[in-house]
Structures are given as structure tokens and as C-alpha cells.
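The values are calculated or read from the model by the stated rules, or taken from the named source; none is laboratory data. Since the model is a prediction, treat every value here as computed from it, not as a measurement. Here the Cβ is made from the backbone with ideal geometry for all residues, glycine too, and neighbour counts use every protein chain on show. Surface accessibility is based on the protein's heavy atoms, side chains included, excluding ligands, DNA and RNA. Shrake-Rupley method; radii C 1.70, N 1.55, O 1.52, S 1.80 Å.
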Amino acid sequence: MDPPPAADSDTEPPVMVSSSSHTSRLKYVSLGVLVLQTTSLVLTMRYSRTLKEDGPRYLASSAVVSAEVLKIITCTFLVLMENNYNMRAMNQLLKEEIVNKPVETLKLAVPAGIYTLQNNLLYVALSNLDAATYQVTYQLKILTTALFSVSMLGKRLGLYQWLSLLLLMAGVTLVQWPSDSGGDAEEKALSAGSQFVGLMAVLMACVSSGFAGVYFEKILKETKQSVWVRNIQLGLFSFVLGFIGMMVYDGQSVRQSGMFQGYSTVTCIVVALQAVGGLVVAVVIKYADNILKGFATSLSIILSTLISYFLLKDFSPTGLFFLGALLVIAATFLYGYERKPASSSSGIKV
């Protein structure tokens with residue numbers, strides 16, 4: 001006859017309380033990191049693309065390549081840490097996982113190419129849209145990710161999730177609705193043209209983000225491998241493809257003034273945030289549940305709006321913008337609320 005389990009129960013509550021307190025603390029730290037990374041990257045990127053400086057402005061394609069190099073270096077160091085700073089063990093691991101498995105490695109060429117395109121598109125978008133409008137519109141990646149998850153991974157969406165996607169589209173439409181701003185006809189035409197370019201860039205980035213994210217998730221489920229090794233593989237392909245893209249589109253500028261033309265302290269901060277920020281979010285996001293992710297998105301949109309209006313002075317809010325932003329925030333919470341129980345019941349981690 002098995003002994004009764006009551007004997008162990010006296011010692012468990014203190015441990016569970018401590019663990020619960022620690023987890024709760026990590027959740028709020030995660031919330032802070034998510035808001036800080038998301039908001040600071042968008043605002044510094046926007047600021048760097050509109051800053052008036054002497055000489056040529058830095059090349060977006062160069063910043064993308066630099067970020068990939070920094071990401072590879074960071075992930076290599078993290079793999080070295082996982083191997084107790086043993087260089088031989090790390091080299092052996094990288095050889096086995098990257099060189100000796102060419103088919104598995106080549107699978108990452110597809111998402112790497114799409115991520116490279118997406119990163120370049122974000123620079124185009126933030127060169128033509130204010131940070132607040134960009135932040136709200138970029139939430140359409142929830143829609144594209146959901147659609148690709150349904151078509152590629154066979155996931156099912158609940159009623160509230162479909163409703164949230166409709167709210168999301170309605171909110172983004174209101175945010176992008178043209179306003180009767182002051183100024184002459186020529187200025188209005190230039191503003192409308194710039195906004196259209198920015199909108200197209202964001203929409204293409206949302207589609208590429210959704211597809212690449214789901215494709216990468218599918219690969220991660222099929223193979224068991226360190227996420228840092230995967231990011232090294234992604235970074236290598238992204239670096240090669242990004243460098244080729246830079247030489248094709250900006251080759252003349254690179255040959256004339258060098259790859260790092262126009263770089264400043266702000267540019268270096270943007271590159272660092274784009275490279276390391278994504279890795280930090282990848283680590284902390286597992287501690288943040290869907291409700292906290294919704295809070296992070298909402299706070300990021302609010303902060304971007306306030307800073308764009310008061311500091312960057314490149315944003316004039318309208319009633320339609322506030323209504324659209326409110327719908328997008330509501331859609332983010334509604335989608336996350338329904339998604340959590342659905343994923344736990346199906347056993348699929350998102």
C-alpha cells in the first residue's frame with residue numbers, strides 16, 4: 001500500500017510561495033524589458049532616419065548587416081557560456097550542428113532572407129511614417145501570423161480570436177484614414193506619397209514577419225537544437241544575403257564613402273537595439289503571459305504616441321487615430337486572452 005502523500009505537503013507551500021513570488025517578479029521585469037525594447041527601437045530608428053546631420057545619412061542596408069554581425073557575435077558568446085567557456089566543445093558543437101547538417105542549415109536560408117527583407121522594410125517604413133502610426137499599423141503582424149499559423153501549422157482560432165482580428169483591421173484602417181491637414185496642395189501630395197510608401201513597407205513587413213515567424217516555429221518543432229545555434233545559422237544567412245543586397249542597391253555609395261558612412265552614436269544604438277534587443281525579448285518572453293504581452297504592446301503604443309508628439313514633434317493626433325489605436329489595443333488583449341487556453345489545451349507552445 002502506497003504511503004499517503006500528506007507527509008510531503010507540509011514542506012511544499014514555502015517553496016511554492018517563493019517560486020510564485022520569483023515568477024511574478026520575472027513577469028513584471030519581462031513586461032518592462034518588452035516595453036523598453038519595443039519603444040526604444042522604434043523611436044531611435046525613427047529619430048535616426050529624420051535627424052539632420054552634415055554629410056550623408058547612414059545606409060539602412062549597412063545597419064541591417066551590422067546588426068546581423070553583432071547578433072552572430074552575441075549568440076556565439078552565449079553558446080560558449082552554455083559550454084562552460086570551453087572553446088573546443090563549442091567548435092565541435094557548431095561543426096556538428098551547422099557544417100555536418102547542411103540540409104537542416106539550408107532550411108534556415110528561407111526565413112533568413114525574409115527577415116533581412118523585413119528589417120530593411122522597417123527602415124523604409126520609419127523613414128516615411130511617424131513612430132505612433134508605425135507602432136499601431138505594425139500590429140497587423142498578429143493577423144498575418146494567425147493566418148499563416150492556420151494554413152501552415154493547422155492551428156484553430158476561436159471566435160474571440162477571429163473577432164479580435166476584425167477589430168485589428170478596423171483599428172489600423174482608422175489610423176491610416178487620411179486627415180484634412182493644413183498646408184498647400186503640393187505639401188499634401190508629398191505627405192500622402194510618403195505615407196503611402198511607409199504603409200506599403202509596413203504591410204510587406206507584416207506579411208514577411210508572419211510567414212518567417214511561423215516557418216521558423218515549424219523548424220524549431222521538427223528539430224531539437226539550441227535556440228542560440230539556430231540564431232547563429234539565421235545570422236550567417238542574413239549577413240550574406242544582407243551584404244549582397246547592400247552591394248546591389250547601395251554599392252555605389254559604399255564604394256564612394258564606405259559601408260559605415262553617416263554612422264553616429266544614435267546609429268550604433270539603433271544597430272545594438274536591433275541585434276541584441278530581439279535576443280533579450282526571446283529570453284524574457286517566456287516569462288510574460290499573453291495578458292502581459294498585451295500590456296507591453298499597449299504601453300509601447302502609448303509611449304510612442306506621447307514621445308512622437310512632445311519630443312519628436314512629427315505627429316499630430318486625430319480623433320480617428322485615437323479610436324483606431326484603442327481598437328488595436330483591444331484586439332491585442334482579446335487575441336491574447338483567447339489564445340492562452342487554446343494553446344494549453346492543444347499542447348502547442350506559441
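State all residues of region 149-161 that are in a helix (DSSP H, G or I) and either out of contact with any helix residue (DSSP H, G or I) (no Cβ under 9 Å at 6 or more places or on another chain) or exposed (fewer than 13 other Cβ atoms within 10 Å of the Cβ) (or both); if no residue qualifies, say none.
Taking region 149-161 first, the residues in a helix (DSSP H, G or I) are 149-153, 159-161.
V150, S151, L159, listed by residue number.
Here is a list of conditions, (1) modelled with pLDDT of 90 or more; (2) within 20 Å of T38 (Cβ to Cβ), and G242 meets all of them except one; can you say which number that is?
(2)
Identify, by number, the condition in (1) touching a Phe, Trp or Tyr at 6+ places or on another chain (Cβ under 9 Å); (2) modelled with pLDDT of 85 or more; (3) of a type in the set (S, T, Y); (4) surrounded by fewer than 17 Cβ atoms within 10 Å (Cβ to Cβ) that T50 doesn't meet.
The number of the failed condition is (1).
Suppose we keep only residues that are of a type outside the set (A, V, I, L, M) and modelled with pLDDT of 90 or more within region 320-350. Which one would you say is surrounded by the fewest Cβ atoms within 10 Å (Cβ to Cβ)?
At the first step, the residues of region 320-350 found to be of a type outside the set (A, V, I, L, M) are 321-322, 324, 332-333, 335-341, 343-347, 349.
Filter once more, keeping what is modelled with pLDDT of 90 or more: 321-322, 324.
Details: F321: 21, F322: 13, G324: 23.
Here the answer is F322.
Can you go through V229, V214, V254 and tell me which one is touching a Ser or Thr at 6+ places or on another chain (Cβ under 9 Å) and farther than 17 Å from R57 by Cβ? So that I can check it myself, show each step before the final result.
Values: V229 fails: touching a Ser or Thr at 6+ places or on another chain (Cβ under 9 Å); V254 fails: farther than 17 Å from R57 by Cβ.
Matching residue, one of V229, V214, V254: V214.
Looking only at helices (runs of 4 or more DSSP H) that lie completely in region 85-140, which have at least 2 residues being closer than 25 Å to T267 by Cα?
On the way: elements: 87-94, 102-106, 109-128, 131-137.
Fully inside region 85-140 and qualifying: 109-128, 131-137.
In region 94-137, which residue that is of a type in the set (S, T, Y) and open to solvent by 20 Å² or more (accessible area, probe 1.4 Å) is farthest from A201 (Cα to Cα)? Before you say what the answer is, go through the steps one by one.
Step one: of region 94-137, the residues of a type in the set (S, T, Y) are 105, 115-116, 123, 127, 133-134, 137.
Within this subset, residues satisfying the condition of being open to solvent by 20 Å² or more (accessible area, probe 1.4 Å) are 115, 127.
Numbers: Y115: 13, S127: 10 Å.
Here the residue is Y115.
Within region 57-77, is there a residue that is under 28 Å from V254 (Cα atoms) and open to solvent by 70 Å² or more (accessible area, probe 1.4 Å)?
For region 57-77, residues under 28 Å from V254 (Cα atoms) and open to solvent by 70 Å² or more (accessible area, probe 1.4 Å): present.
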